[in-house]
Every structure is written in structure tokens, then in C-alpha cells.
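Presented below is the structure to which this report refers.
The values are calculated or read from the model by the stated rules, or taken from the named source; none is laboratory data. Note that the structure is a prediction, hence the values are computed from the model and not measured. Cβ sites come from the backbone with ideal geometry, for glycine too, and all protein chains shown count toward neighbours.
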Amino acid sequence: MFLRTSLLAVLLFSICVSAQEITVAAAADLSTALPEIVATYTKHTGQTVKLSFGSSGNLTNQIHNGAPFDVFFSADETYPVQLIEKSLALKGSLYRYAVGRLVLWVPNELPLDVQKLGMQALLDPSIKKIAIANPLHAPYGRAAEAALKHFGVYDQIAPKLVLGENISQAAQFVESGNAQAGLIALSHALSPALKDKGHYWTVPLDAYPTLNQAAVVLSKSRHPEAARKFLDFVRGPDGTSLLKNYGFSLPTEKH
Amino acid sequence: MNGQAFWLTVRLAVVVSALLIAIGIPIAYWLTYSRWRWKFLVEAVIALPIVLPPTVLGFYVLMALGSRSPLGRWWESITGHTLAFTFEGLMIGSVLYSLPFAVQPFATSFAAVDSKLLRVSASLGQSPMQTFRRVVLPLSKAGLVTGFALSFAHTLGEFGVVLMVGGNIPGVTRTISIDIYDQVQAGNYAAANHTALVLLVVSFAVLSLVYGLNRRAWTVGPWK
């Protein structure tokens with residue numbers, strides 16, 4: 001009897017806990033910052049958050065096909081707006097949480113002064129492969145393409161491009177030494193995995209369409225209040241300071 | 001449909017299954033006739049790609065081919081570029097990935113050859129090598145065709161390893177499965193469907209051919 005009641009208690013407890021748990025789909029450039037934000041959030045509120053990373057296009061596609069996410073953090077604004085137009089996301093919940101920055105990253109082994117050379121560094125013969133995210137479904141990939149064209153090197157280096165499935169894979173390609181340069185997210189360049197292994201040049205903002213990163217609560221969310229609470233937290237002082245640590249600037253700031 | 005990706009994939013599958021004939025027959029020969037006590041360990045290693053997720057193989061291949069590994073540096077010193085993100089790199093990954101699909105049918109068909117025939121051949125003064133070439137190989141035709149076709153079809157449908165070590169370069173490493181994935185991710189369902197259908201039909205044709213050939217070998221062979 002006692003066993004049965006305690007089993008029931010455990011069951012009820014787990015139902016209550018899972019009722020609060022939300023699932024967040026997030027752009028791959030948040031793969032280092034967001035877990036930290038979630039850890040702080042869980043410590044403050046006791047609520048758990050499940051994270052699922054991918055390219056923003058990939059995640060949008062999953063949401064179109066009924067993926068059970070509560071919140072979507074995109075690396076640009078077009079995907080969330082698209083979802084709102086299709087009534088898959090709640091219009092009032094849309095907000096810009098950060099501006100993403102693109103950097104040109106090279107490993108320390110390469111004696112290239114990217115600060116001085118900028119994008120022209122890619123023309124160096126020691127660079128055989130350049131990792132970018134896939135422009136077809138990753139906003140950072142489109143930003144990289146635009147920046148390469150802006151500096152007039154795209155046609156020369158196009159044969160050297162290798163495409164990561166998302167910006168995290170592009171970072172992994174160059175981190176593992178398989179590509180000698182990468183156009184990756186500043187948040188990855190500042191992550192513990194890459195920080196000491198290479199140096200980077202921050203691509204100026206006028207070289208590519210601004211990566212206005214926007215978040216939205218999804219219409220199918222079963223816990224829209226919990227989802228909104230989490231969004232508020234990311235917008236609040238704890239969330240913004242963690243985002244800043246990873247190189248994101250806030251949409252209201254001057255860059 | 002992306003014709004470039006299609007022909008690249010066919011080229012990869014042909015090269016890989018041809019390589020697997022060359023590598024797989026000696027390995028299968030050894031597996032069939034060796035009496036080595038620890039042979040089962042080799043069998044287990046060869047079967048690993050069947051159980052391991054392609055990501056595990058892809059991860060190790062990427063690490064092994066990269067410029068931080070001895071193999072990667074050696075290759076780089078010879079050719080001037082790393083193996084990852086090249087057609088050769090995909091070839092190495094695919095050969096490893098499809099190895100059991102070639103070796104196992106080969107070894108099974110070698111083992112199925114009646115041992116009396118081997119003894120008769122030996123008594124007629126044939127060396128083991130001659131016996132293998134003149135008796136075992138011809139009688140194992142069905143197994144050889146199965147192994148070749150299975151590794152061809154398996155490479156045609158390969159995805160995980162290519163995603164991890166390919167780098168999605170048009171005409172070099174963007175295979176048909178990667179192309180389909182890209183089209184789906186970008187929401188171009190019509191294009192994805194078009195390519196996927198072609199792959200479906202080709203795979204079905206290859207497998208039908210295998211089973212059709214095996215059926216003939218089975219009904220006609222023993223009474224011939």
C-alpha cells in the first residue's frame with residue numbers, strides 16, 4: 001500500500017515537473033551561450049528547459065512539420081516572421097534578442113595576420129579549405145556569402161568553400177584543422193573549445209545583412225506561459241549579460 | 001533533379017564497390033580458411049559498421065584524415081591538401097562503411113563451396129590458389145554479385161559519413177543524399193521529392209537485380 005502511494009506520488013510529481021518543462025529550438029550559434037542561460041534559469045526558477053540546436057532553416061522546416069517545440073530562437077528574423085505568417089508562431093511574442101556577429105577565424109598554426117589582412121587573408125595559398133555554414137538554410141552561411149562578395153573575393157575562393165550543415169559544424173570543420181579558415185559566429189570563436197586555438201577578425205557589419213536574431217513562442221506550445229517566462233528571462237539582465245559574454249550585441253545598442 | 005550530385009554518387013558507388021571487390025575477396029578468403037584462434041575478433045571488427053552509427057565512423061574518419069593526425073599530415077605532405085572534403089576522403093569513409101556488406105556475402109559463399117570439391121582439386125595437383133581461382137570463385141558467383149551490389153547500393157544511400165566528412169562541395173562531395181537533405185531543409189519539397197524518387201527507383205532496380213540473379217543461380221545452378 002505504502003509502495004503504491006509513493007509510486008503514485010512519484011508519478012504525479014514527474015507529471016507536474018514535465019508540465020513545466022519547455023523545449024527550445026535554437027540556432028546553432030547559441031550552442032554555447034544558451035546552455036549557460038538555461039542553467040542559470042533552472043537554478044533561479046526550478047524549471048527545466050530542453051534544448052535542440054540546428055540551422056535556423058532546418059529548425060523552421062521541422063516546425064512546419066509539427067516539431068513539438070515551445071520557443072524558437074532564430075539566427076535571423078525572416079524565419080520567425082515566416083512562421084507567424086503561417087500562424088505557426090504567436091505574433092505578439094516576436095522580439096529581437098541579439099545581433100549575431102560573423103568573424104573570420106584561423107587557427108594559431110597559420111601565421112596570417114587576419115586583423116591586418118581582413119578578408120584578403122583568404123587568398124593566401126596556405127588556405128586550402130574555407131568553412132562556412134550552408135547558405136541554403138543557415139543565416140550565417142548567407143551572411144558569409146554576402147561578406148565574401150562585399151570584399152570582392154567570392155569568385156576567387158568559391159572552389160575552396162566547404163559547407164557545414166549549420167554554423168556549429170562550420171566551426172568544428174575549422175577547429176578540427178580540416179579547414180584552414182572559417183567564417184563562423186563570434187559566439188563560437190569565444191567559446192572554450194576555440195578560444196585558445198586561433199585568432200579572428202570581426203567582419204564589419206556593413207559587409208552583410210544584419211543578423212537580427214529573433215525569438216518567438218510557437219502556436220503549438222502546450223506551455224505558452226512557461227515559454228514566455230523563459231523569453232522574459234533571456235531578455236532580462238541575467239540573459240543579456242550572458243549573451244554579451246558570448247559576443248552577441250543587443251539590438252538596441254550601437255554597434 | 002540535381003544531375004551533378006546523381007552522377008557523383010554513382011561514380012562514388014562504382015569506385016567503392018570495385019575497391020571492395022579487390023579488398024574484400026582476400027579478406028573473405030582469409031576469414032573462410034584461416035584457423036587462427038582469434039579470427040572472431042577480426043570478424044567482429046569487420047562487422048562493426050553494421051552496428052555503429054555512421055556518426056561514429058564519420059567522426060573518427062574526420063579526425064584521422066585531418067591535418068592534426070599523422071595520416072592526414074602524411075597525405076598532406078604528398079598531395080598538398082587534406083583528405084577531408086575530397087572525393088578520396090569520401091572513398092575511404094565509404095569503403096570502411098560498406099566493408100561488411102561486401103566481405104560477409106563473399107565469405108559466406110566461399111564457405112558454402114563443398115569441401116569435397118576442394119579435396120578433389122588438390123588431389124589433381126592444383127595449388128590452393130589455383131583451386132580458389134578455378135573452383136571456389138566460379139561457384140561463389142552469386143555471393144560476389146550480392147556483395148558487389150550491396151556495397152554499391154549501400155554507398156548510394158550513404159548519408160551520415162558523407163555529412164560529417166564531405167563538406168557539401170558541389171561536384172566533389174555533394175552526394176545525392178546530401179542534396180535531398182539540403183532541399184528538405186530549405187523547404188523545397190518538390191525538388192527533394194523528385195531526387196528522392198530517382199534514388200528510390202535506382203535502389204529498387206539494383207536490389208531486384210541482385211535477388212533476381214540469386215534466384216537463377218539457386219534454381220539452375222545445382223542441376224547444371
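General observations
- Count of the stretch A:184-198 residues which are within 14 Å of chain B (Cβ to nearest Cβ) and of a type in the set (D, E, K, R): 1
- Filtering the stretch A:77-98 to residues that are of a type outside the set (A, V, I, L, M, F, W, C) and within 14 Å of chain B (Cβ to nearest Cβ) leaves A:Thr78, A:Tyr79, A:Gln82, A:Glu85, A:Lys86.
- Flag if B:Ala153 is at negative phi, of a type outside the set (Asp, Glu), touching a residue at least 40 places away in the same chain (Cβ under 8 Å) and not in a helix (DSSP H, G or I): no
- Looking across the stretch B:30-89, the residues that are polar (S, T, N, Q) and touching a Gly at 6+ places or on another chain (Cβ under 7 Å) come down to B:Thr55, B:Ser67, B:Thr82.
- Residues in the stretch A:99-115 include at least one that is in contact with a helix residue (DSSP H, G or I) (Cβ under 8 Å, 6 or more places away or on another chain), farther than 23 Å from A:Phe53 by Cβ, surrounded by fewer than 24 Cβ atoms within 10 Å (Cβ to Cβ) and within 10 Å of chain B (Cβ to nearest Cβ).
Quick grid of which residues meet (1) assigned to a strand (DSSP E or B); (2) more than 14 Å from chain B (Cβ to nearest Cβ); (3) closer than 11 Å to A:Leu104 by Cβ:
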site: A:Ala146; (1), (2), (3): no, yes, no
site: A:Lys149; (1), (2), (3): no, yes, no
site: A:Asp155; (1), (2), (3): no, yes, no
site: A:Leu163; (1), (2), (3): yes, no, no
site: A:Ala171; (1), (2), (3): no, no, no
site: A:Gly182; (1), (2), (3): yes, no, yes
site: A:Tyr200; (1), (2), (3): yes, yes, yes
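- Looking across B:Arg68, B:Arg35, B:Arg73, one residue alone is among the charged types (D, E, K, R), within 13 Å of chain A (Cβ to nearest Cβ) and over 16 Å from B:Val165 (Cα atoms). It is B:Arg73.
The rows are residues; the columns are (1) of a type in the set (S, T, N, Q); (2) assigned by TED's automatic domain parsing to the domain that holds A:Asp113.
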site: A:Val174; (1), (2): no, yes
site: A:Ile184; (1), (2): no, yes
site: A:Val203; (1), (2): no, yes
site: A:Ser221; (1), (2): yes, no
site: A:Pro224; (1), (2): no, no
site: A:Phe233; (1), (2): no, no
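- Helices (runs of 4 or more DSSP H) fully within the stretch B:70-140 counting 2 or more residues that are among the polar types (S, T, N, Q) and in contact (Cβ under 8 Å) with a residue 60 or more places away in the chain: B:87-111
- Screening A:Ser74, A:Ser93 for residues that are over 15 Å from the mean Cα position of the chain (by Cα), surrounded by 16 or more Cβ atoms within 10 Å (Cβ to Cβ) and among the hydroxyl-bearing types (Ser, Thr, Tyr) leaves exactly one candidate, A:Ser93.
- Scan the stretch B:163-195 for residues that are assigned to a helix (DSSP H, G or I), at the interface with chain A (Cβ under 10 Å from one of its Cβ atoms) and more than 11 Å from B:Thr9 (Cβ to Cβ) and the total you get is 9.
- Counting the residues of the stretch B:1-47 that are of a type in the set (D, E, K, R) and assigned to a helix (DSSP H, G or I) gives 3.
- Any hit, the stretch A:131-142, residues being within 10 Å of chain B (Cβ to nearest Cβ), closer than 23 Å to B:Gly89 by Cβ and surrounded by fewer than 23 Cβ atoms within 10 Å (Cβ to Cβ): yes
- Among (1) part of a helix (DSSP H, G or I); (2) crowded, with 17+ Cβ neighbours inside 10 Å, the one test that B:Ser203 misses: (2)
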